[in-house]
Amino acid sequence: MRSRGGYTMRTGRGDQSPYSKIYIAILLFAAAGSFSIGLICFPLVREWKGRIESRIAPSLEPKDSRHWRDKCQEFDGIGRTRRIVFLGDSRVEEVNWSELLDRGDISNRGIGWDTTVGILRRLSRTLPANAEYCVIQAGINDLLQGGDPDSLVVRFREILEYITKHTHAIPVVTAIIMGGTDMAALNAKVRLCNEQLKALCGSMGVPFVDLNVNLSPAGFLAQEFTRDGIHLNWKGCARVRDDIARHLPAIPASRVHGI
């Protein structure tokens with residue numbers, strides 16, 4: 001130490017005040033305590049966060065669960081499918097594909113209000129290994145129920161991976177059909193999804209059929225092709241008949257209708 005003008009100056013580390021040592025000890029103790037509390041509380045915070053998010057996140061289960069269960073039981077009872085399976089929601093269920101495409105080797109496996117979550121749950125029951133082609137029209141209900149495009153495309157990948165790994169079917173993905181003129185926010189999501197779906201199908205070597213070229217030339221489902229802004233009328237179905245048919249196999253000469 002050196003004295004200057006009555007003031008004492010500390011110049012060495014060994015000259016620390018006992019109060020400084022106490023202060024440092026308190027700081028270290030507080031830091032250790034905070035770390036220990038963090039270790040204890042972090043799992044609780046993560047659990048609370050998960051509970052909150054589960055309440056906020058939209059449920060993407062099929063809305064009409066009773067209809068969904070009834071149809072799944074029906075498919076279970078039928079067992080085998082015909083050569084071509086149409087898979088999806090009410091946009092599939094409500095169309096007579098055999099009449100539209102004039103062929104008897106089609107099985108309709110659409111369920112109204114179904115989502116990609118529901119389709120993943122029922123794939124093993126809906127698409128037996130004997131199917132040769134699987135035409136998919138799905139995703140609109142995910143978006144209507146608040147689902148985000150990125151997660152929807154992830155589930156589409158899982159659907160396609162299941163089909164290619166566990167069945168002999170060739171998947172054919174049709175673009176999610178746009179909504180009507182008063183559904184601008186929904187159509188923005190549909191457009192984003194379709195861009196990602198097209199890229200996904202390209203990376204997996206899966207045919208992608210853009211039905212909106214003929215149905216939604218102005219960026220929304222044309223009124224002449226829909227009865228309610230979501231579902232196609234017969235004119236709308238006829239409009240995309242050839243787009244779908246060109247991705248299906250030729251009709252067998254015998255025209256055997258199968259089961």
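Just so it is clear, none of the values below were taken in a lab; they were calculated from the coordinates. What you see is a predicted model; the values in this text were computed from it and never measured. Neighbour counts are summed over all protein chains in view; Cβ atoms, including those assigned to glycine, are modelled from backbone coordinates with ideal geometry.
Summary table
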quantity	calculated
Using θ = phi - 60° and Karplus 6.51 cos²θ - 1.76 cosθ + 1.60, couplings along the stretch 105-112 (whole Hz; Gly, Pro as x)	10, 10, 10, 8, 10, x, 9, x
J(HN,Hα) series, the stretch 122-132, from Karplus relation 6.51 cos²θ - 1.76 cosθ + 1.60, nearest Hz, glycine and proline x	10, 4, 5, 8, 8, 10, x, 5, 7, 5, 9
Net charge dipole size for the stretch 100-223 [Lys, Arg +1 and Asp, Glu -1 on Cβ; Debye, nearest 20]	260 debye
Residue exposure sequence - L144, L215 - by fewest surrounding Cβ within 10 Å	L144, L215
The stretch 237-250 - phi-based ³J(HN,Hα) in whole Hz, Karplus 6.51/-1.76/1.60, Gly and Pro as x	4, 5, 5, 9, 3, 5, 4, 7, 4, 5, 9, 9, x, 5
Alpha-carbon Rg with Dmax, taken over the stretch 65-245, Å	15.1, 43
Which of I84, I22, I244 has the fewest Cβ neighbours within 10 Å, and the rest in rising order	I22, I244, I84
The stretch 91-141 - percent relative contact order, Cα under 8 Å, separation 6 or more	41 percent
For S107, residues with placed amide H under 5 Å, excluding near neighbours	R82, I84, V85, F86
Overall form of the stretch 128-197 per C-alpha gyration tensor (a/c, 1.5; a/b vs b/c)	prolate
Coil-residue trypsin sites (Lys or Arg not before Pro) of the stretch 76-122, DSSP, other Cβ within 10 Å capped at 14	R80
Gap separating the Cα centres of the stretch 190-225 and the stretch 121-141, nearest whole Å	19 Å
5 angstrom amide H check on V172, placed H, neighbours 5+ away	C134, V135, I136
Neighbourhood net charge (14 Å Cβ-Cβ; Lys/Arg +1, Asp/Glu -1) for T126	+2
Sequence of T164, T174 once ranked by neighbouring C-beta atoms within 10 Å, starting from the fewest	T164, T174
